[in-house]
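Everything on this sheet refers to the single structure shown next.
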Amino acid sequence: MVSNFSRLISDQIKVISQTPIAIAFLDKNLRYVSHTAKWISKFKLPYNDVRGLYHYDLFPKLPDEWKAAHKNALNGLNVTLENEFFPLKNGSTRWLKWNIKAWTDYDDNIAGILIAVEDLTSRVYLQNRFSTIQRLLFEASVNKSIGTWHYDLLENKLIWSDQTKIIHEVEQIYDPKADLAINFYKEGESRRKITEAFLNGFTKGIPYDLKLQLITAQGNEITVRSAGISEVENGVCTCQYGIIQQIS
């Protein structure tokens, strides 16, 4: 049961709860006193009103670090968690900044905690993409032995540069298929690593740079460096691109 607060406090909470920011007020038992509409939409919650519900019932997989932050806030500490990776219930992921602090009643007693969330996902993606793009383009421009590739997920179209085809020992007229290209990587650890890296790039926008074993079309086993980055628009991966270089 949500505690009864004075009319003045309730009115202030009501005003704050109308702001277009993801904010939630929890009582000392971590049950919702109030929240903004943005809080519901940000976390794709199944209810429009979660007042009275226990915070950890809605977010059962919160890491211990965040639970410790809630406890510290209830003890009067202001806590900020930046660039925190957060998976949503619908399978998408976000990078968030959490500001957590105690809120008090008119006797200055701690009544619960206030959590405000800033979405840093676009900023993190842009920072990662910019630094990775710079590095990949520089390396490809100064080293002609490096091949490039581009995969358009919307069109399911994979494009290899001439050097990438040379590394794979295929003809220049070869038309690579996305669902088959991964089979060039040696079965076992190398294929597992590249599969995991590809999926992390697709679902989380995480770039990768790996040293792997590859079996060419001519049956030769070689060591390659494979690096990739994802292009994300509105939280959805639309394409991936990167480089491949034969090491030995």
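Please state which one of LEU210, LEU180 is surrounded by 15 or more Cβ atoms within 10 Å (Cβ to Cβ) and not acidic (Asp, Glu).
Going through LEU210, LEU180 in turn, just one is surrounded by 15 or more Cβ atoms within 10 Å (Cβ to Cβ) and not acidic (Asp, Glu): LEU210.
Table: residues versus (1) modelled with pLDDT of 90 or more; (2) surrounded by fewer than 19 Cβ atoms within 10 Å (Cβ to Cβ).
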site: SER41; (1), (2): no, yes
site: PRO60; (1), (2): no, yes
site: ASN75; (1), (2): yes, yes
site: ASN78; (1), (2): yes, yes
site: ILE115; (1), (2): yes, no
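Which residue pairs have Cβ atoms under 7 Å apart, sit 6 or more places apart or on different chains, and have a first residue in region 153-167 that is within 29 Å of GLY235 (Cα to Cα) and a second that is in a loop (DSSP other than H, G, I, E, B)?
LEU158/PRO176; LEU158/LYS177; TRP160/PRO176
Residue check: is ALA68 assigned to a helix (DSSP H, G or I), loosely packed, with under 14 Cβ neighbours inside 10 Å and either in contact with a Phe, Trp or Tyr (Cβ under 9 Å, 6 or more places away or on another chain) or at pLDDT 90 or above (or both)?
yes
Residues are listed down the side, and each one gets a yes or a no for (1) under 30 Å from PHE86 (Cβ atoms); (2) buried (at least 19 other Cβ atoms within 10 Å of the Cβ); (3) more than 27 Å from the chain's Cα centre (by Cα):
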position: ILE159; (1), (2), (3): no, no, no
position: ILE166; (1), (2), (3): no, no, yes
position: GLU169; (1), (2), (3): no, no, yes
position: SER190; (1), (2), (3): no, yes, no
position: PHE202; (1), (2), (3): yes, no, no
position: LEU214; (1), (2), (3): no, yes, yes
position: THR223; (1), (2), (3): no, no, yes
position: TYR241; (1), (2), (3): yes, no, no
position: ILE244; (1), (2), (3): no, yes, no
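Residues to consider are ARG135, ARG129; find the one that is modelled with pLDDT under 95, buried (at least 16 other Cβ atoms within 10 Å of the Cβ), in a helix (DSSP H, G or I) and basic (Lys, Arg).
ARG129
State whether one or more residues within region 221-232 are in contact (Cβ under 8 Å) with a residue 60 or more places away in the chain and farther than 18 Å from HIS150 by Cβ.
no
The values are calculated or read from the model by the stated rules, or taken from the named source; none is laboratory data. Source: prediction; values computed, not measured. No Cβ is skipped: glycine too gets one built from the backbone with ideal geometry, and neighbour counts run over all protein chains shown.
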